[in-house]
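Reviewing the structure listed below.
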Amino acid sequence: MSKKARVVAIDGPSGSGKSTIAKIISEKCNLTYLDTGAMFRAIGLVLDQKNIQASESSKIKSFLEKMNFEYAKSNNELVVIDGVDLTEAIRNHEVSALASKYSQVSEVRSFLKDFQRGIAVERPSVLEGRDIGTVIFPNAVLKFYLRADADIRAKRRLEQLKESDSSVEYDYEKILQDIKSRDDQDQNRKIAPLKKANDAIEIDSTSLSIPQVVEAIVDKIKQVSELKA
C-alpha cells in the first residue's frame, strides 16, 4: 500500500464527533462516506444475539465466511446482515460496548478491513474510526485525529440520545463512565489500539462547534488534488 489512497481518514475516541463530521464532509466534498462504526456495531450485535463469544474465534470466522453483509443497500438501510436491516438497532447506546468488545477480534477486523478497502478503492472516500489512519489506510492522502474532553463527549452523546427518543430517561454519569471505559478499551487493546497517526492533523473539538471543525477539514481537503472525484 505504498501508493497514496484517495482517502480522508478521521480517527478519534468515542463521541468526538467523527461520524457527524464525516457525513457532512462527504456531502460538501463529494466523497463516499463509509460508516465503519456502524459496521462494527452491526457485526457485534449479531454475534451477541447468536451468543457467539469474542473468545470463540473459530465460530466467529465461520459466521463471517457465511454471512451476507450489505452496506448502504438503500437510502434507508445502512447495514443489513443476512437480510435483516440493523440500521436502527445499532444506534442503541448498549451496542457501543458490543462494538468495542468484538472489534478486538482479529477475524472481525480483518473482514471489515478488506470490505472497507474494497469500497474505498473505487472512488475518493472519507472513513472514520479508531485505526483508519494507522491500520486500515496508513497510506491515506489526508489524516485527521479528533479529540475532545470526556465530559463534553458525554454531554454530546446525551443530547443525541434525547433527540432520538425523548421519552427515555438517560443517566449522564453512566454515559460518562461508558465513554471513559470505551476509551480505556480502545487505547489499550492489543489489536489496532486507538492512537494518533504520526502524520495526522490533530483537532481538539472540546470548544469548537461542528461547523468550525468541518471548515478546518474542508479547507485541507480542497488543497489535495487526489481527492477530486
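Tabulated results
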{"quantity": "Any hit, segment 172-179, residues being more than 30 Å from LYS4 (Cβ to Cβ) and in contact with a Gly (Cβ under 6 Å, 6 or more places away or on another chain)", "calculated": "yes"}
{"quantity": "Test: residue in segment 133-140 that is touching a helix residue (DSSP H, G or I) at 6+ places or on another chain (Cβ under 6 Å) and touching a residue at least 60 places away in the same chain (Cβ under 8 Å)", "calculated": "yes"}
{"quantity": "Filter result for ALA72 (hydrophobic (A, V, I, L, M, F, W, C), open to solvent by 40 Å² or more (accessible area, probe 1.4 Å) and under 26 Å from SER106 (Cβ atoms))", "calculated": "yes"}
{"quantity": "Extreme residue, least open to solvent (accessible area, probe 1.4 Å), among residues of segment 98-128 that are in a helix (DSSP H, G or I) and of a type in the set (Asp, Glu)", "calculated": "GLU107"}
{"quantity": "Residue list for segment 153-201, restricted to those being open to solvent by less than 40 Å² (accessible area, probe 1.4 Å), assigned to a helix (DSSP H, G or I) and not charged (D, E, K, R)", "calculated": "ALA154, LEU158, LEU161, ILE175, LEU176, ILE179"}
{"quantity": "Boolean, ASP85 is more than 26 Å from LEU227 (Cα to Cα), surrounded by fewer than 18 Cβ atoms within 10 Å (Cβ to Cβ) and of a type outside the set (Lys, Arg)", "calculated": "yes"}
{"quantity": "Selection status of VAL80, open to solvent by 50 Å² or more (accessible area, probe 1.4 Å) and out of contact with any helix residue (DSSP H, G or I) (no Cβ under 7 Å at 6 or more places or on another chain)", "calculated": "no"}
{"quantity": "Residue list for segment 68-97, restricted to those being modelled with pLDDT of 90 or more and not in a loop (DSSP other than H, G, I, E, B)", "calculated": "PHE69, GLU70, TYR71, VAL79, VAL80, ILE81, VAL84, ASP85, ALA89, ILE90, VAL95"}
{"quantity": "Unmet requirement for ASP186, which otherwise passes all of (1) of a type in the set (D, E, K, R); (2) at pLDDT below 90; (3) in contact with a strand residue (DSSP E or B) (Cβ under 7 Å, 6 or more places away or on another chain)", "calculated": "(3)"}
{"quantity": "Single residue of segment 202-229 satisfying the filter (within 22 Å of ARG153 (Cα to Cα) and hydroxyl-bearing (Ser, Thr, Tyr)) that is most open to solvent (accessible area, probe 1.4 Å)", "calculated": "SER207"}
{"quantity": "Residues located in segment 1-60, provided they are part of a loop (DSSP other than H, G, I, E, B), open to solvent by 60 Å² or more (accessible area, probe 1.4 Å) and small (Gly, Ala, Ser)", "calculated": "SER2, SER55"}
{"quantity": "Subset of segment 205-221 (residues that are in a loop (DSSP other than H, G, I, E, B) and free of Cβ contacts under 8 Å to residues at least 24 places away in the same chain)", "calculated": "SER207, LEU208, SER209"}
{"quantity": "Residue within segment 134-143 that is open to solvent by 10 Å² or more (accessible area, probe 1.4 Å), touching a Gly at 6+ places or on another chain (Cβ under 9 Å) and among the charged types (D, E, K, R) present", "calculated": "yes"}
{"quantity": "Check on ALA22, free of Cβ contacts under 8 Å to residues at least 12 places away in the same chain and among the hydrophobic types (A, V, I, L, M, F, W, C)", "calculated": "no"}
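Residue-wise test of (1) under 22 Å from SER207 (Cβ atoms); (2) of a type in the set (A, V, I, L, M, F, W, C).
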residue: GLY118; (1), (2): no, no
residue: GLU122; (1), (2): no, no
residue: SER125; (1), (2): no, no
residue: GLU128; (1), (2): yes, no
residue: THR134; (1), (2): no, no
residue: PHE144; (1), (2): yes, yes
residue: ASP151; (1), (2): yes, no
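The values are calculated or read from the model by the stated rules, or taken from the named source; none is laboratory data. Bear in mind the structure is a predicted one, so any value in this text is a computation, not a measurement. Here Cβ is always computed from backbone atoms with ideal geometry, including for glycine, and neighbour counts include all displayed protein chains. Note: accessible area is taken over every heavy atom of the protein model, side chains too, but ligands, DNA and RNA are not part of it. Shrake-Rupley method; radii C 1.70, N 1.55, O 1.52, S 1.80 Å.
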